[in-house]
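Student: Have a look at this one before I ask anything.
The values are calculated or read from the model by the stated rules, or taken from the named source; none is laboratory data. This structure is a prediction, so every number in the text was calculated from the model and none was measured. Every residue, glycine as well, gets a Cβ built from its backbone with ideal geometry; the counts of neighbours run over all protein chains shown. Keep in mind that these areas ignore ligands, DNA and RNA; they rest on the heavy atoms of the full protein, side chains included. Shrake-Rupley method; radii C 1.70, N 1.55, O 1.52, S 1.80 Å.
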Amino acid sequence: MTTTPRYDLSTENLDRAIARLSEALGADAVLAAPERVAEFHDPYEGEGATEFQPSFVVQPASVEEVQAVLRIATELRIPVWTSSVGRNFGYGGSAPVVSGSIVLSLRRMNRVLEISESGAYAVIEPGVRFFDLHEAIKASGAKLWMSVPDLGWGSVTGNALEHGFGSTVHGDHASAVHGMEVVLASGEVVRTGFGAASGSADGLWHRHRRGFGPSLDSLFFQSNFGVVTKIGLWLMPEPETFVSGWLAVQSEEDLAPVVDALRPLVLDGTIQGLPLMMSALGTPGVPPGDPSGEASLSILPLPVRYLIRYSFYDRAPLAEARSAIVREALAGLPVHVDERRYRGDAAQEDVDPIDWLPGGIPNMKMIEDLQAVAGEGYAHIDFSAVIPFDGASAREHEAMIREVLGEAGLTGAFAWITNSRTLVGILMITFDVNDPAQAARAREVAKTLAHRAAARGWYEYRAHPSLIDDVVKHFDFGDHSLYRTYGLIKDALDPAGILSPGNHGIWPSGAGAS
Ligand SMILES: Cc1cc2nc3c(=O)[nH]c(=O)nc-3n(C[C@H](O)[C@H](O)[C@H](O)COP(=O)(O)OP(=O)(O)OC[C@H]3O[C@@H](n4cnc5c(N)ncnc54)[C@H](O)[C@@H]3O)c2cc1C
């Protein structure tokens, strides 16, 4: 990939930027020493990486400081790469598409601005982590629950803007965002929905989906059209009862009928939240298909071929009714059902750790488990394809993955998020970050899978920077009219092209992939 000389990434100019930003924001807002910048690289890039390299990091603490950063970056013609907390592991962390970009890290903007129990929403800045929001809700005494992804250390905002997923009723995190504040490249601050009315009262901005006129919110997800500085996030009222259910499926042949039986239960809302279907694809270091590996893959807490997690959040009699409907729908199928029941106000120590995620409790268990199996060099690159919600597609998808991984002698952790009408397959292709040959093979496998999936009509919902071109080139309807439209919006909002160029394949004119 090459870019045109529209940017000045010379050492002198970057030094000038460090001086200007230090003057405007204070020296402690600028991290330029290599050991401070290290954690803003792709955490899984390995030694000697040359692509996706940040130059230095700037950490504004307010909207005004974000505006100052964008002004200086525009003047000096240096791209900035927006990152909230930067834990986008498997998808590049904080690493920019254009090497030499400044990482605009929003970690210091970490205030929980409001928690409304009656409106069941929170208003947060982008540096707020899942751990922080959970703690703030508990401290406020509000009877509200949040949704969390596997790891609690990431940004709630960054994860939602990346279309990330958790497990509870608001587990489709992007759909939980209602009303945002965005700084455009020009420095203009825009509030969406009813936030655009300066007299907007009583949290209307965050209580109501959309506002008056076109809804702009989606423009700022998976894009480079602005820097999001506040979001409203819908939360769930604390349920009386929380039921965590687990379905154990013992063989590949048995998967499809169980998936097909689950679909209507997810579609009609009997099963709440986003069930997760985990596959024992293989254990890191053990070739896929080796039975000694199938039982011990660390994302599965039980030695079975598939484990499907589902949940109910309800008043006790309604939860029991849901449970009875699920059992009846699965009766006669080759599946073992197990359920645990908790009070909605149960303390973390009273919830089995395997139920923390559907229980909305942020934690770090999954990465600890993966590192325990694969060692400190654990790394992965994601292949995240979306397929229809049906058993035959799931079988075909997994067979494709096993074949490509098997040819490369690699393995990974694999699960599908059931997202109403689709299954979102998350394959974490595992490699040892200290083994360059294995790392290169893992990246090749991710590309091969992107192409194999596209040939089948399936595409990724999210991708590491090294895979973006492989995903975007398939979005070719109308001679790539969607991406040409993105380009028009990009040029209108950010004529200097300084905001995260190349993010999700969106480039200003005169720069980009060649
Ligand atoms: C073991 C493991 C398990 C994982 N499990 C999950 C999971 O269950 N669910 C899941 O979704 N992910 C998962 N991930 C992937 C990833 O770790 C999380 O999605 C993580 O939350 C993303 O990092 P972040 O929240 O800090 O976002 P950030 O890294 O801060 O942001 C992500 C991206 O969003 C954009 N962005 C961020 N902030 C802004 C802003 N303010 N304005 C405009 N654009 C912005 C940028 O493009 C940025 O690169 C997992 C990773 C690992 C290693």
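Student: If you fit an axis through the alpha-carbon atoms of helix 255-267 and take the longest principal axis of the Cα set of the chain, what angle between them do you get, 0 to 90°, nearest 10?
Tutor: 70
Student: Oh, and also: How big is the dipole moment of the chain about its Cα centre under a simple scheme where the beta carbon of each Lys and Arg is +1, that of each Asp and Glu is -1, and everything else is neutral? Debye, nearest 20, please. Working shown, then result.
Tutor: Working: 40 positive and 64 negative charges, 225 e Å.
Charge dipole of the chain: 1080 debye, to the nearest 20.
Student: Roughly speaking, what is the centre-to-centre gap between region 365-404 and region 205-262 when only Cα atoms are used, to the nearest Å?
Tutor: Taking the Cα centre of region 205-262 as reference, the centre of region 365-404 is 20 Å away.
Student: Ok, one more. How large is the charge dipole for region 354-450, taken about the Cα centre, if only the Cβ atoms of Lys, Arg (+1) and Asp, Glu (-1) carry charge, to the nearest 20 debye?
Tutor: That gives region 354-450 a dipole magnitude of about 240 debye.
Student: At 1.4 Å probe radius, can you tell me the per residue accessible area of region 355-514 in Å²?
Tutor: 38
Student: Contour minus end-to-end for A201 and V337, with contour as 0.36 nm per residue of separation and end-to-end as the Cα-Cα distance?
Tutor: Difference between extended and current length: 44.2 nm.
Student: Compute the Cα gyration tensor for region 1-66, then decide on rounded, prolate or oblate, letting a ≥ b ≥ c be the square roots of its eigenvalues: rounded whenever a/c is under 1.5, prolate when a/b is larger than b/c in the other cases, and oblate in all that remain.
Tutor: oblate
Student: Which FRET efficiency value, to the nearest 0.05, do you get for A372 and R111 by plugging their Cβ-Cβ distance into 1/(1 + (r/R0)^6) with R0 = 45 Å?
Tutor: That pair, A372 with R111, gives E of 0.80.
Student: Could you count how many Lys pairs in the chain have their Cα atoms under 21 Å apart, skipping same-chain pairs fewer than 8 positions apart? Please list the in-between numbers first.
Tutor: Numbers: K138/K230; K138/K365; K447/K473; K473/K490.
Here the count comes out as 4.
Student: Turning to a different aspect of this structure: To check you understand DSSP bridge types, tell me what percent of the beta bridges within region 1-122 (both residues inside) are antiparallel, rounded to 5.
Tutor: Values: 4 of 10 bridges.
Here the antiparallel bridges make up roughly 40 percent for region 1-122.
Student: What percent antiparallel are the DSSP beta bridges of the chain, to the nearest 5?
Tutor: Restricted to the chain, the bridges split so that about 90 percent are antiparallel.
Student: Right, next: Cα-based Rg (one decimal) and Dmax (whole number) for the chain, in Å?
Tutor: 22.8, 71
Student: Each label point is 7 Å from the Cα along the Cα-to-Cβ direction; what then is the distance between the points at S215 and K138, in nm?
Tutor: Placing both labels 7 Å beyond Cα along the Cβ direction yields 3.3 nm.
Student: Can you send over the carbon and sulfur percentage of the accessible area for the chain, probe radius 1.4 Å, protein chains only?
Tutor: Roughly 53 percent, rounded to a whole number.
Student: Right, another one. Cα centroids of region 1-57 and region 105-137: how far apart, whole angstrom?
Tutor: So the separation of the two Cα centres works out to 28 Å.
Student: Send over the semi-axes of region 423-514's equivalent ellipsoid, whole angstrom and largest first, taken as the square roots of 5 times the C-alpha gyration tensor eigenvalues. Display every interim value, and only then the final one.
Tutor: Values: eigenvalues 153, 60, 21 Å².
After scaling each eigenvalue by five and taking roots: 28, 17, 10 Å.
Student: For the chain, what does the helix formula give at 222 nm: sum of -39500 (n - 2.57) over DSSP H segments with n ≥ 4, over the residue count, nearest 500 deg cm²/dmol?
Tutor: -9500 deg cm²/dmol
Student: What is the Cα centroid distance between region 449-487 and region 264-283, reported in whole angstrom?
Tutor: For region 449-487 versus region 264-283, the Cα centre distance is 26 Å.
Student: Quote the Stokes-Einstein diffusion coefficient, in whole µm² s⁻¹, for region 1-110, based on the Kirkwood radius over alpha carbon pairs, a temperature of 20 °C and a viscosity of 1.002 mPa s.
Tutor: It diffuses with D of about 154 µm²/s by this estimate.
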